[in-house]
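I have placed the structure first, in the form of structure tokens, so that the comments after it can refer back to it.
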Amino acid sequence: MPGVRPEPRAGKLGGLRLRVLGSVELVGPDGRLLDPGPPKQSCVLAVLGLSAGRPVAPGVLIDHVWGERSPLEARNVLYTYIARLRRVIRTGAPGASGVLRRQTSGYVLDLSRDHVDALRFLDAVEAARGARDERRQWALLSDALALWQGPALAGLSGEWAETTRTALTRARLAALADRVDLEVRGGGGEQLVAELTALVAEYPLDERFTGQLMLVLHRADRTAEALATYEHCRRRLAEELGQDPGTRLRELHQRILRQDPGLRRRPDERAVPRQLPAGLTGFVGREEALAALVRGLTAAGGSSAPVFAIHGPGGAGKTALALRAAHAISEHFPDGHLYVDMRGSGPERLEPLAGLELFLRALGVANDAIARDTAEAAAQLRSLVSARRVLVVIDNAADAAQVRPLLPAGAGCGVVITSRSAMSTLDNTVRVGLGVLSPEESVAVLERFDQSGRIAAARSQARVLARLCGHLPLALRIAAARVETEPDLPLDRFVETLARAEGRLDQLGVDDLSVRASLEVSYRAMDDRLAHAFRHLGLPAGPDISLPLAARLVGTTEDEAARTLADLVAVGLLNRSATGRYQIHDLVRLYAAELTLDEVERGQALRRTWRCYIATAVSAGQLLRPGYREGLVRCDPADALPLRDDIAAAAWLGEERANLLAAADQARGVDGDPTTIALAHALFGPLHSAARWVDLERLNKWALDLARERGDRRAEAQVQSDLAIVAWRADDIIETIERYRRSARLYREVGDQRGEAASLHNLGNVHAVSGRHDEAELVLGRALDLHRAAGYRTGEAATLTVLSEVHQHLGQTDRAVRRLRRALDIYRELGDRVGEVEALGDLGSCLSARCEMADAAACHESATAVALELDLVARAAWNMAEHGEAARAMGDREDALSLCRRALELSRDHGAEHEAGWALWRLGSVLDDLGRRDDARRHWREALAIFERRGAHEVEEVRALLDIVDAS
């Protein structure tokens, strides 16, 4: 089996690697695949990669990517591709952000040859041809061939791609033939027949493969088949090329006919155990883990045998990885390969003594000479292999006690263990944990195991299918097998069936493979404590859970929950992230949900969790904005988790956002449960501040449906107001105004003065931004009166802020500044830091209008610092851009340029489109001041496109700037 050379270690380039021997792929330092983009963008990357370290002129890139029919805008498109590739690299491999750079003579992808698989391949082949030792030659060629994942530059078209693909393919075939020659000379015979038969079928005119197949067939006493192989090749050559076989193939044919005894010579072979089962065909992914195994098991100089324990849940591909690594390094263990399945996950575990007996018999010890005591048999094994190089694979082990007697002591040996347990008590062991595959690897597994090609032809459905399989290798193999073996089953119908949680596990079974059976093995091995926790942890719908929430859910203390969760992690049924949160796999969750659980107990467990979510969300909201929406949600403060301050509150909301939304969705199905509406109210402020508009809309539409069903007018009034804000962000002014009016009317009907004031405040804000300033002043004045009458100071400050904007538009700047300073004082007295950000930013704008630039810059700088601290990215980006504008006005262009660029990068990285437009606008102005008019024009055009798309009022100001530069 081909070997696999360890991947190059991360260096100054952050471990970035490029693959072209298959699809064009970038691999980040953590092993994740980075999407290189559409085919032509991938082609740019491939051209640069195959010229690693050498500059490629833009004209050459254009020729290679587009050929003779390059479009007129090819150079601009090329620059776009380069910018996108830099963004991909910067995002996925920050340590390699400078790897793609421009030099005078062109663009350079500054990767070493060892970081580009095609160049590694060519270098290894060249080294093999210069090596004197045949074992070294074989190892180098095997390493090189193992780099191939499919046709070179798969998915790329064009003359350059075709020419390069052909050249690389020829080099691969030559290397493959060289490797087979070495194996034939080394005594390889019938075991090569299958591989050579496939090669001859694929390349029927390649006389070298045909000759190799004839020779191994003859040596295996299958001379008639060898002669038939020659005849088939002769006939194909005559029909397709009109020529006879070459001299060497004809001579081999004659020697076989003469029964030349020289053809049957083989070197002596030692009788050593070769017990490794065949590796899994189509192995995909796990490259970092595979490289670590290969590197660790082949390293020299240790005082004892290296031991690697691969652990993870059932179906994660532990055995496949172990065998892939074992076959890859088999040449390093010439004295034998031992393998045993300890059946540790089943009810009939293999005793250590039974495993030792298997090993000792394989090493030539007679049955009656094998000790009947475990300790004595273990000593026999250690003695036998102490001076030998033997690889030991112990598969499917239960725990360390089952494995320990089977371990060799000799430094020349190597051990690979697979288990659902992490083997935490096994000394001197390197642990390799396996989780699920990446989405890209999952799709590759589906395509590799579906020989019908149906999955490969439907990539969008393949991605959905991979997600429904939870990216679990076992589930992916089963799904692919079903698609391949059931041609009458439409792929879209199969995906649709799997999308329904009910019965999904029924669908994920074929022949002797079953996800449910794999999970049942683990469940049956649990004690009552673990089984109780496992059943409960499958109840919540969110993607993960914290230790405190898990304790609430299970109904125990945090200390006891920590021990229980650790045990479930140890057997692979939970994952623990680096941040200490726990995840349960989707398919494991479905299995847990199938287990019997009393409905009353189920309801109590979920409601304990939901009450905790509601109370903690309310507490977090008050820490972030004291007094904001205070009293809107009724809850018991004792149900809340402790949060130290506003920073901790923001962190908790960020960590739990997906879980909070999942809880709101799950609670909709429980009659009379208040969770959905309560969470919609409690989460509005944090989601609004974080610009989570999609989440806000979804959550509040759920709440609106429930409020109407229950006739709860107060709840409906609040939700209408919140949905109005969502409509406003979507630029639907008519819906926004209608929802605010409806909300104010409902509040008035139920006598809620404070609620009516809030809706009027927001309605006035809409009028103000829409340019109806007189109407805005009237509505906001009414809102301010109601806030003051209700004693709601947060509302008063917010309305003062909006009124200040109206005064600015009406030319009343001094009045606007007074309003904002009063609002800022209130926010600071209340400790409302989110409100402080809003007021500081607006005050900075007012001061800029009065040409008080130093004070304006100070306001924007303070607002930016607080916004970043609270993770209010959009507000931070806007204030940063305005700080840059103030710096520009004061003549500090270098500082202005830096601030505007940082604002643009921040807004783009977080999807804040409007703020990105603002940063582009301000950045263009700085560039124009620097005399870089073309760059300024380009930035303004980008800003204009954003503002036009959003219907923003900034359109006219930016368009006026473009008119000026276009006219000059």
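Structural remarks
- Any hit, the stretch 56-65, residues being under 30 Å from P334 (Cα atoms), modelled with pLDDT under 90 and not assigned by TED's automatic domain parsing to the domain that holds G911: no
- Among the residues of the stretch 910-948, the ones that are free of Cβ contacts under 8 Å to residues at least 40 places away in the same chain and polar (S, T, N, Q) come to 0 in all.
- Test result for V766, touching a Lys or Arg at 6+ places or on another chain (Cβ under 7 Å), of a type outside the set (D, E) and either under 25 Å from V873 (Cα atoms) or at pLDDT below 95 (or both): no
- The single residue among S70, S105 that is more than 23 Å from R938 (Cα to Cα), among the polar types (S, T, N, Q), surrounded by 15 or more Cβ atoms within 10 Å (Cβ to Cβ) and more than 29 Å from the chain's Cα centre (by Cα) turns out to be S70.
- Any hit, the stretch 835-846, residues being out of contact with any Cys (no Cβ under 6 Å at 6 or more places or on another chain), in contact (Cβ under 8 Å) with a residue 60 or more places away in the chain and crowded, with 24+ Cβ neighbours inside 10 Å: yes
- Selection within the stretch 196-228 - out of contact with any His (no Cβ under 7 Å at 6 or more places or on another chain), over 19 Å from A174 (Cα atoms) and small (G, A, S): A220, A224, A228
- Residue ID - surrounded by the fewest Cβ atoms within 10 Å (Cβ to Cβ), chosen from residues in the stretch 812-834 that are in contact (Cβ under 8 Å) with a residue 24 or more places away in the chain and not in a helix (DSSP H, G or I): G831
- Under the condition of being over 36 Å from the mean Cα position of the chain (by Cα) and assigned to a helix (DSSP H, G or I), the residues counted in the stretch 880-894 number 7.
- Within the stretch 198-214, no residue that is outside the structural domain of Q243 (by TED's automatic domain parsing) sits with its Cβ atom under 9 Å from a residue that is surrounded by 23 or more Cβ atoms within 10 Å (Cβ to Cβ) and among the β-branched types (V, I, T) at 6+ positions apart or across chains.
- Number of positions in the stretch 201-231 that are in a helix (DSSP H, G or I), of a type in the set (A, V, I, L, M, F, W, C) and surrounded by fewer than 19 Cβ atoms within 10 Å (Cβ to Cβ): 4
- Any chance A797 is crowded, with 21+ Cβ neighbours inside 10 Å, assigned to a helix (DSSP H, G or I) and not assigned by TED's automatic domain parsing to the domain that holds R888: yes
- Screening the candidates R698, R745 for the property of being in a helix (DSSP H, G or I) and either in contact with a Pro (Cβ under 8 Å, 6 or more places away or on another chain) or within 27 Å of R788 (Cβ to Cβ) (or both) yields one hit, R745.
- One residue stands out in the stretch 541-552 among those that are modelled with pLDDT of 90 or more and closer than 15 Å to A592 by Cβ: the one that is surrounded by the most Cβ atoms within 10 Å (Cβ to Cβ), namely A550.
- Residue among E738, E709, E749 that alone is acidic (D, E), surrounded by fewer than 20 Cβ atoms within 10 Å (Cβ to Cβ) and over 21 Å from V633 (Cα atoms): E738
- One residue alone among V416, V403, V436, V430 is buried (at least 17 other Cβ atoms within 10 Å of the Cβ), in a strand (DSSP E or B) and either of a type in the set (V, I, T) or at pLDDT below 85 (or both), and that residue is V416.
- Tally of residues being under 36 Å from the mean Cα position of the chain (by Cα) and farther than 15 Å from P306 by Cβ across the stretch 384-400: 6
The values are calculated or read from the model by the stated rules, or taken from the named source; none is laboratory data. Not measured: the values here are computed from a predicted model. Because the Cβ atoms are built from the backbone with ideal geometry, glycine has one as well, and the counts that use them run over all protein chains shown.
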